[in-house]
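See structure below.
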Amino acid sequence: MTFTFSGELLLFLILALVSLIGGILLLQLKKVVHMVLALVMTFVSLAGVYVMLSAEFVAVVQILIYSGAVTIIMLFGIMLTRHLDEEQNDQDKGRKFLLFLGVMVFAVVVYYGIFRLEIPEQTANLHLENTKQIGIELFSKYVIPFELASVLLLVALVGAIVLAKKDDEKEEGSS
């Protein structure tokens, strides 16, 4: 396997680094709004990777749906529900160390799995009319899972509103 350094590899490394930094910041930041911004940073960098893979439609969907709609729904859910701030104790630090250790083990296993993987070369016309190909697949083979996902998102939104209403009613009853 020969290794050549190119602008495409450099761009991929930058996008991967931004995505990893966003994920790490998401776990380490204390304020919820900052956490959501770190999540958006991760989503946008993943959209850049999709553009590099010639999946422009998936990249646009990534930005519109995940970076936009899902992030806004998360912010509304956070604002509509109450959260109690708790101080960290020594047990949480031990859990963070175990979590870090688990993530490192997972990263090593994935690294070795990727580099030992043998994928036979196939010809594919992925770069030609990929939006049309996605639409045909989505609305012919996967129409029921697509609709179930939209219903699931609607139920989650209604559930967040119901939970927020219950918190408001408890607050009004106690005052």
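What's the total number of residues in region 2-43 that are surrounded by 13 or more Cβ atoms within 10 Å (Cβ to Cβ) and either more than 30 Å from M79 (Cβ to Cβ) or among the acidic types (D, E) (or both)?
So the count comes out to 4.
I'd like to verify a number: residues in region 19-44 that are hydrophobic (A, V, I, L, M, F, W, C) and assigned to a loop (DSSP other than H, G, I, E, B), how many? Walk me through how you get there before you give the answer.
Taking region 19-44 first, the residues hydrophobic (A, V, I, L, M, F, W, C) are 20-21, 24-27, 29, 32-33, 35-41, 43-44.
Going one step further and asking which of them are assigned to a loop (DSSP other than H, G, I, E, B), we end up with 29.
Summing the residues that are hydrophobic (A, V, I, L, M, F, W, C) and assigned to a loop (DSSP other than H, G, I, E, B) in region 19-44 gives 1.
For region 89-97, indicate whether the set of residues that are within 23 Å of H34 (Cα to Cα), modelled with pLDDT under 80 and acidic (D, E) is non-empty.
yes
Do we have L126 as modelled with pLDDT under 85 and surrounded by 10 or more Cβ atoms within 10 Å (Cβ to Cβ) here?
In short, yes.
For K166, are the conditions met, namely being of a type in the set (K, R) and modelled with pLDDT of 80 or more? So that I can check it myself, show each step before the final result.
Numbers: of a type in the set (K, R): yes; modelled with pLDDT of 80 or more: no.
So K166 does not fit the description; no.
Is one or more of the residues making up region 45-57 assigned to a helix (DSSP H, G or I) and farther than 23 Å from T131 by Cα?
No: region 45-57 contains no residue that is assigned to a helix (DSSP H, G or I) and farther than 23 Å from T131 by Cα.
Among A69, A47, which is small (G, A, S) and within 26 Å of K166 (Cα to Cα)?
Working: A47 fails: within 26 Å of K166 (Cα to Cα).
Of A69, A47, the one residue that is small (G, A, S) and within 26 Å of K166 (Cα to Cα) is A69.
The values are calculated or read from the model by the stated rules, or taken from the named source; none is laboratory data. Bear in mind the structure is a predicted one, so any value in this text is a computation, not a measurement. We place every Cβ from the backbone using ideal geometry, glycine too, and count neighbours over all the protein chains shown.
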